[in-house]
Amino acid sequence: MDPRIPRLRRKLAAIPYEPLRSHSFGEEQHGFRLGPKAAEVRVAAFETEHGIVLPDAYRQFLTRVGGSGAGPFYGLMPLERCALLVMNPQGEPGAPRGFNRAEPRAAGGDLFLHVVEMGCTDVCAVAVTGPLTGRVLTGNGDGFWGPDVSSAADFLGWYERWLDHMGAGRDDRALELTSPGLRTRPSDDR
């Protein structure tokens, strides 16, 4: 088991009680609760059905921490709601690229698993094949912005960064965190 897992559990349990934590967009949806862990057999069946192998850090999160719930934006989607995506071909240099659903049992090319519910057509995915395998990226399905690749080495690092930034009361646009200072409303004392 990855040594970060017990630390992630402790941090997540403490977040709702941190007095100066950031507000995480969509936290009302998941309430910082995780869904049940995904059974190994269920994860293996998903991998077989889609012809992929999930990156180890994401797989360990699902099977040892939680299969859905608490996460950036509206939270982690249960595996049965996760969809494989492909990035649209490069258009003009520097232009954002969108995502489309991958054909069933897509072979070759880079595949991404949509894992976090961001709302609208925004996408938060884990790369499951190609040079970015294991990394988390965000973008817009229609190509209005992104994709942006997280500097975190893997899903566990990305998830821990969300917890750390929130606990420290930081603003972080990439993780949709708003510091307590920006959430304070002016006093009605006149």
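The values are calculated or read from the model by the stated rules, or taken from the named source; none is laboratory data. Fair warning: this is a prediction, and the values are worked out from it, not measured in the lab. Neighbour counts run over all protein chains shown; Cβ positions are idealised from the backbone, glycine included. Remember, those area values only see protein heavy atoms, side chains included, never the ligands or the DNA or RNA. Shrake-Rupley method; radii C 1.70, N 1.55, O 1.52, S 1.80 Å.
Against the test of being farther than 18 Å from Leu175 by Cα, outside any strand (DSSP E or B) and in contact with a Lys or Arg (Cβ under 9 Å, 6 or more places away or on another chain), the options Val86, Val43 yield a single qualifying residue, Val43. The residue pairs whose first member lies in the stretch 141-152 and is part of a loop (DSSP other than H, G, I, E, B), whose second member is of a type in the set (Gly, Ala, Ser) and buried (at least 18 other Cβ atoms within 10 Å of the Cβ), and whose beta carbons are closer than 7 Å, counting only pairs six or more residues apart or on different chains, are Gly141/Gly98; Asp142/Gly98; Gly143/Gly98; Trp145/Gly139; Gly146/Gly139; Pro147/Gly139.
Across the stretch 6-40, what is the total count of residues that are surrounded by 16 or more Cβ atoms within 10 Å (Cβ to Cβ) and more than 24 Å from Asp171 (Cβ to Cβ)?
So in the stretch 6-40, the residues surrounded by 16 or more Cβ atoms within 10 Å (Cβ to Cβ) come out as 8, 11-12, 15, 21-27, 30, 32, 34-35, 37-38.
Going one step further and asking which of them are more than 24 Å from Asp171 (Cβ to Cβ), we end up with 34-35, 37-38.
Counting residues in the stretch 6-40 that are surrounded by 16 or more Cβ atoms within 10 Å (Cβ to Cβ) and more than 24 Å from Asp171 (Cβ to Cβ) gives 4.
Among the residues of this structure, Arg101 does not count as one that is in contact with a helix residue (DSSP H, G or I) (Cβ under 8 Å, 6 or more places away or on another chain), within 19 Å of Ala127 (Cβ to Cβ), modelled with pLDDT under 95 and open to solvent by 80 Å² or more (accessible area, probe 1.4 Å).
Screening the stretch 47-62 for residues that are assigned to a helix (DSSP H, G or I) and touching an Asp or Glu at 6+ places or on another chain (Cβ under 6 Å) and picking the one that is most open to solvent (accessible area, probe 1.4 Å) gives Gln60. Candidates Val86, Val43, Val53: the one that is in contact with a Leu (Cβ under 9 Å, 6 or more places away or on another chain) and more than 24 Å from Arg9 (Cβ to Cβ) is Val86. In the stretch 67-81, the residues that are within 16 Å of Ala57 (Cα to Cα) and of a type in the set (A, V, I, L, M, F, W, C) reach residues that are part of a loop (DSSP other than H, G, I, E, B) and open to solvent by less than 10 Å² (accessible area, probe 1.4 Å) with C-beta atoms within less than 6 angstrom, at least six apart or across chains, in these pairs: Leu79/Ala38.
Conditions (1) among the hydrophobic types (A, V, I, L, M, F, W, C); (2) open to solvent by less than 30 Å² (accessible area, probe 1.4 Å); (3) not in a helix (DSSP H, G or I), marked per residue:
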position	(1), (2), (3)
Pro131	no, no, yes
Gly134	no, yes, yes
Gly139	no, yes, yes
Arg161	no, no, no
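Can you spot a residue in the stretch 80-87 that is in contact with a Phe, Trp or Tyr (Cβ under 6 Å, 6 or more places away or on another chain), open to solvent by less than 10 Å² (accessible area, probe 1.4 Å) and modelled with pLDDT of 90 or more? No, there is no match, as no residue in the stretch 80-87 is in contact with a Phe, Trp or Tyr (Cβ under 6 Å, 6 or more places away or on another chain), open to solvent by less than 10 Å² (accessible area, probe 1.4 Å) and modelled with pLDDT of 90 or more. Do the conditions hold for Pro96, that is, is it surrounded by fewer than 18 Cβ atoms within 10 Å (Cβ to Cβ), under 20 Å from the mean Cα position of the chain (by Cα), over 27 Å from Glu160 (Cβ atoms) and not charged (D, E, K, R)? So Pro96 passes the test.
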